[in-house]
Amino acid sequence: MLDINCKQNLIDSFNTYFNNSICKCCGGTYDYKTFNCRYCGDFNEKLKTSHENIDSLLSKLTKDDLDKELYLYLYKASSINEDLKKEFAQFDVDIEVDKIINELQESSSYNKEDGKLIDFIFSDDLFLEKDKILRDLILRNVILIKNTLSKEIIEKVVSHLVLSSTRKISKNSNFFISDLGEEISGSAFYYNICLDRKEMDSFYDNGDIQIFFTLFHEMSHIYRTYLESKGMVNSIYDLLALKERLLSKYSLDIYLNDNNYVKNLHEIEANVNSYYLAVNYLKSLGLEIDNEYALTLSSVVNNDLTNVADPFREIDGELVNINDLFKEFIEDRKDLLDKYPQLHYEFKEEDGKVVYKSKMELVDDYLLCDDNNLEELYLCLIDNAAKNEKMIEKNNSKEV
Ligand SMILES: [Zn+2]
Ligand SMILES: [Zn+2]
């Protein structure tokens, strides 16, 4: 085994190396031969010296000199730099790291040394794919009040549960824990998720499973943001939900009014998804929960699911149809038509304005469309347009 000073020296060099792997001037990465930033050219002396230090220290070592902790450092360094990966070939880093994680998976109570390894593993995104089973076992221990790890570590493990999904959608996705106030348990903002501290504490202290319903709820919002950004539409609800979201910039009441909140398609979708995802996730941990309880935790019980197509919302005490309101809202916002190409299903540009397509135009689109999955969407749009045109006709004849 390595003497303690040499080990510390190596760890310090690794930490300096990691802390300098992103350019402080421009956020770019370095060329690991010249130690110049690939984007702005900045030369990093610390990166160079720590690299040389790592090289010279490791050249004197064999597999037997390394302990588990050092293997995790080697794994991280080799994932940053291909050249180091080659230099480390003799140490079988990948195999050793898999062994470490497997061993941790087999244990259910962790000593201080294990805690250190787990902390390292969950502090780093590099292990996101590798630590899935370990992550689930640790979270299961918390639910069963068998956990021996610190709150700080558990927060990192929870973070990995979220990021393992959301980072697939966006590399910029992040997870935070903070104080969100009285009635808010979580929030989603673009590709970021925030969990209320009270909920985290209640999970850590009492094994409260509400946290999973909240997290899957917020993750569902992020997935919806992704679908909207990609212009993906499968049904009329996707279009209605987009209108509802865009309109919330026009009137916050649309979103925040309690009467609307229970009808909000985004919230209904997130609640329903959280119900299924959390129940299935807990099942995968071998934990069955009472169905009524799951419906309450997911808030599905608060939603009116009998009429999800209801386009009426309350604004300043008045009931307004989202489709009508959107007509005024979009009229002068051509930029939205470019940003969300899915709006073209229903809208077109005419004399510099954005307007609803007519029934006949929608029929033409429908006949030209060869995607069978969109048949129902078109039939709904045609039906809406027909009703609208009839109403306009009726109003006109009244005026005469
Ligand atoms: Zn730079
Ligand atoms: Zn929500």
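What follows draws every value from the coordinates through simple rules; no lab data is involved. Remember, predicted model here, so these are calculated numbers, not experimental data. Glycine gets a Cβ as well: all are built from the backbone with ideal geometry, and neighbour counts include every protein chain shown.
For the chain, the spread of Cα positions along the three principal axes, ordered from largest to smallest, is 98, 53, 39 Å. Springs join every pair of Cα atoms under 10 Å in this Gaussian network model of the chain, and among 343, 368, 246 the largest mean-square fluctuation is at 368. Taking a ≥ b ≥ c as the square roots of the Cα gyration tensor eigenvalues, region 324-399 comes out oblate, since a/c reaches at least 1.5 and a/b does not exceed b/c. Summary of the geometry: region 144-164 and region 24-79, compared by the centres of their Cα atoms, lie 29 Å apart.
Helix 132-143 axis versus longest C-alpha principal axis of the chain: approximately 80°, rounded to the nearest ten.
When the chain is treated as a GNM with alpha-carbon contacts under 10 Å, the residue of 375, 314, 228 showing the greatest mean-square fluctuation is 375.
A simple count of charges around residue 287, restricted to other residues whose Cβ falls under 14 Å of its Cβ and scoring Lys, Arg +1 and Asp, Glu -1, yields -1.
Any idea what angle helix 375-399 forms with the longest principal axis of the chain, computed on alpha-carbon atoms, 0 to 90 degrees, nearest 10? Around 40 degrees separate the two axes. Secondary structure note: in the chain, about 75% of the DSSP beta bridges are antiparallel. For region 1-101, trypsin sites (Lys or Arg not before Pro) are listed when DSSP marks them as loop and at most 14 other Cβ atoms sit within 10 Å of their Cβ; the list is 24, 33, 38, 60. The Stokes-Einstein estimate for region 1-152, based on a Kirkwood radius over Cα pairs and taken at 10 °C with 1.306 mPa s viscosity, is a diffusion coefficient of 94 µm²/s.
When the listed pairs 24/230; 130/151; 85/130; 76/230; 68/130; 243/353 are checked against a 26 Å cut-off, the alpha-carbon distance exceeds it for 24/230; 76/230. Considering only 42, 351, 332, the mean-square fluctuation computed in a Gaussian network model of the chain, springs between alpha carbons under 10 angstrom, is largest for 351.
The gain in end-to-end length when the residue 174 to residue 318 segment is fully stretched comes to 48.0 nm, 0.36 nm per residue minus the alpha carbon separation. In terms of Cα atoms, the Rg and Dmax of region 158-267 work out to 14.8, 44 Å. For region 155-212, what class follows from the C-alpha gyration tensor (a ≥ b ≥ c being the square roots of its eigenvalues): rounded when a/c is under 1.5, otherwise prolate if a/b is larger than b/c, else oblate? Judged from the Cα gyration tensor, region 155-212 comes out oblate (a/c at least 1.5, b/c at or above a/b). Relative to the current alpha-carbon distance between residue 103 and residue 360, full extension at 0.36 nm per residue lengthens the span by 85.9 nm. The angle between the Cα long axis of helix 93-106 and the longest principal axis of the Cα atoms of the chain comes to about 70 degrees, rounded to the nearest 10. Working from label points 7 Å from Cα in the Cα-to-Cβ sense, the residue 261 to residue 353 distance is 3.6 nm. Taking N as the residue count of region 224-362, its C-alpha radius of gyration divided by 2.2 N^0.38 Å amounts to 1.22.
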